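This report concerns only the one structure given below.
Please treat every number below as a calculation from the coordinates, not as lab data. Just so you know, these numbers come straight off a predicted model, no measurement behind them. Positions of Cβ are backbone-derived with ideal geometry, glycine not excepted, and every protein chain shown enters the neighbour counts.
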Amino acid sequence: TVARTMGLDSVSGSLCSQGGEALKLIAQTSCGCPNPGSAQGCVGWDSEQPGLVEGVPAHGTSVKVGMDKALNQLSVPLGQLREEVMSLKSCVSEGIQAIDDRMTKQEDIRRKKMCVLRLIHVIQSVEKIEKILHSQGTKELSSLEGNSPLLTGQVLERIATEFNQLQFHAVQSKGMPLLDKVRPRIAGITAMLQQSLEGLLLEGLQTSNVDIIRHCLRTYATIDKTRDAEALVGQVLVKPYVDEVMVEQYVQSHPNGLQAMYNRLLEFVPHHCRLLREVTGGAISSEKADIVPGYDFLVNSVWPEIVRGLEEKLPSLFNPGNPDVFHEKYTTSMDFVRKFERQCGSQASVKRLRAHPSYHSFNNKWNLPVYFQIRFREIAGALEEALSDTLEEAPGGSSFCLLATHMVWTSLVKCWSDQMFLPLLAHRLWKLSLQILARYSVFISEVSVRPISSENTKESKKPVPVGRKESSLSLNPSEDQGNGSSTESLPLSSISSTQLIYVAADLDKLQDRIPDILDMIKPKLEMIGFKNMSCIAALEDSKTSLSACVPTLNNRIIQDLSESSFAYLKSALEVPRLYRRTNKEVPTKASPYVDSALKPFHRLQNDYRDALKQPMIHQWLEGALSESTQKYYETVSDVLSSVKKMEESLKRLKQARRTATSNPVGTNGGMSDDNKIRLQLALDVEYFGEQIRKMGLETSSIKSFSALAELVLTAKDQATMEPS
């Protein structure tokens, strides 16, 4: 290597000297110097070449010839330089390859040496463990039973430590022929150690010896067999207790059998797992210095056996066929789970419990979608039956007037009641609540366009028409779309005035009670940790949808009241017939038709006082009176115009005949028939206004009443001023 290094240095020096001379020659030749080899170089050359200053070289040909000559001189040293570089590269490559081969050989030797050392460790560990077992085995029948459990635990702990190293080296030596020969001996050691550990752990649990349990669990942890210890506890300690407690006949025959069973299961942890929890740190009183970490018997031993027992011993527990029973079982079981989680002792243990496969298996056993589907059909079926065309009255004690609204409110309350609500179904129940309100909104819209009949509520009840399902609640909305075309041809059922008023009253009450729905929902959502209450704004949308039905209902009721009233007010057309040529006395009181026309308004005030708010009654009265008064004004105006025309016609006829036979004055020589008509209409309107004021309304708020009063006042003045 030293010689090779010295040779490389000499070659490098030669290359540097030759390269320097070549570069010097190129520099001198390229500048066109006449004495390239002189020491003066190119000094003063510019001053002797004026042609260069003027841009025209004086000796261009000689420069070219000198350059070619210099290049030819360089070819020989450059060729030598190339050969020396290639020789150097070959030498370096050979040196690198030799070093790589040597390092590869050394690595292979090192690897084989490590394999041999591992096998030596394996053999040594096996022999050491067998020696311990042999020395212990000679005493097994005579003195092992006399030894203290602590001594046996210490021996097993020594074996476990050596066994742990044995396993490590055996894994590293996997595939070696010698290891395959030793493997039966390793298997025997493993079985012996496992059997001894199981026996020691059971002995410690039976005798409540904390030291034995601690040494045994520490040994399990040393050989990385903590899961085997937890499985052993589950099979030997937990399973018999679970099989004894879980008896399906007892659970079904006793009223609180399920709760009693869960209480006994909860007693298992403090009574039978106390020592295990103290040793592994699962108990509050555990001392940190003596804790054996890495175990969680509640999660990996107790809980899986409980779930196995529930699935095998109580298969009917998860049956959702009876929703009430299912709800009771589910809530009781979830309460048991929460109490069991509190026994875990730490948040980390609770997280491990919730991540355990048996925990997910237990939760998945509860078929909540089927339970909700059954509840949905219960609510939707009862609601659709109530939202029929019969519009039956609500049962006694209800705050609503109609059964339909009563069932809507009952359905909403039921969704969030403790007897039906389940936290995992909160989103479905929320959607169902919005569906119920939307369905009621559609129902109100349908009712508001029905024709009004004069029959009372009981007589107007009719069978429910077949096929009206276009707005019913449905699990699959697409199922109802095909029925839309057939329902348009069905005649609408009629509705009575009383039913229409009840609908409006119930709609108003339901809108007022929507905040009560929110008060029911909020605690349920907060209980499951839901804090974003912005979605509750959807209830306002439902309230807005219900409010949109109010104007139509009000208009229908006002129209019905107005028509009912005007049906009597138009009797003013009969007043002329009552006084013409009848020789009647001068009128002194209002006609009976006015009282008849006011009966619908009095009935609204008196009969529905408890069901309706006073502002709503006033609104309807003002609207209906305004409409009927407008028509009444037109009727009275027509009558007075007709009377005036008749009076003028008679006067012209009298003047033409100049006779008294056509004198319109009655035989009593008093007021004329025309003036009696005017006076009667004035008395009717005055009485009409008095009754309006008695109802608590101002006549100034009734449209057209002032014009009507002025009209009849003029007619009255005319009747009283004319001579008899």
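Protection proxy ranking, highest mean first, for peptides 602-608, 439-445, 79-85: 439-445, 602-608, 79-85, where packing is the per-residue count of other beta-carbon atoms within 10 Å, averaged. Below 11 angstrom from the Cβ of PHE400, what's the summed charge of the other residues (Lys, Arg +1; Asp, Glu -1)? Spelling it out: positives minus negatives among the neighbours equals -1.
Given the alpha-carbon gyration tensor of the range 226-365, what are the semi-axes of its equivalent ellipsoid in whole angstrom, ordered largest first, with each equal to the square root of 5 times an eigenvalue?
Details: eigenvalues 158, 43, 37 Å².
Gyration-tensor ellipsoid for the range 226-365: 28, 15, 14 Å.
Annotation: peptides 88-94, 296-302, ranked by per-residue average of other Cβ atoms within 10 Å with the highest first, follow the order 296-302, 88-94.
So what's the gap between the Cα centers of the range 68-84 and the range 687-708, to the nearest angstrom? Computed from Cα coordinates, the inter-centre distance equals 131 Å. Bridgeable aspartates and glutamates around LYS631 (alpha carbons under 12 Å apart, same-chain partners fewer than 8 residues away excluded): GLU563.
Suppose a student asked you for the relative contact order of the range 238-393, using Cα pairs under 8 Å spaced at least 6 residues apart; what percent would you report? The value is 24 percent.
Loop-resident trypsin sites (Lys or Arg not before Pro) (DSSP state other than H, G, I, E or B) in the range 156-207 with no more than 15 further Cβ atoms inside 10 Å of their Cβ: LYS174.
Measuring between alpha carbons in the structure, the pairs from LYS645/LYS676; LYS645/LYS703; LYS599/LYS644; LYS589/LYS645 lying more than 23 angstrom apart are LYS645/LYS703; LYS599/LYS644; LYS589/LYS645. Cross-link partners among aspartates and glutamates for LYS531, C-alpha distance below 15 Å, same-chain residues fewer than 8 apart left out? Partners found: ASP519. Applying D = kT/(6 pi eta Rh) to the range 341-401, where Rh is the Kirkwood radius over alpha-carbon pairs, T corresponds to 25 °C and eta to 0.890 mPa s, the Stokes-Einstein value obtained is 153 µm²/s.
Placing R0 at 51 angstrom, the Cβ-Cβ distance between THR190 and LEU518 gives a FRET efficiency of 0.20 after rounding to 0.05.
Ranked by the mean number of other Cβ atoms within 10 Å per residue, highest first, peptides 611-622, 402-413, 537-548 order as 402-413, 611-622, 537-548. For THR552 and MET646 in the same chain, what is the full-extension length gain: residue separation times 0.36 nm, less their Cα-Cα distance, in nm? Computed gain between THR552 and MET646 is 29.5 nm. Reported to the nearest whole Å, the Cα centre-to-centre distance from the range 568-596 to the range 538-555 is 44.
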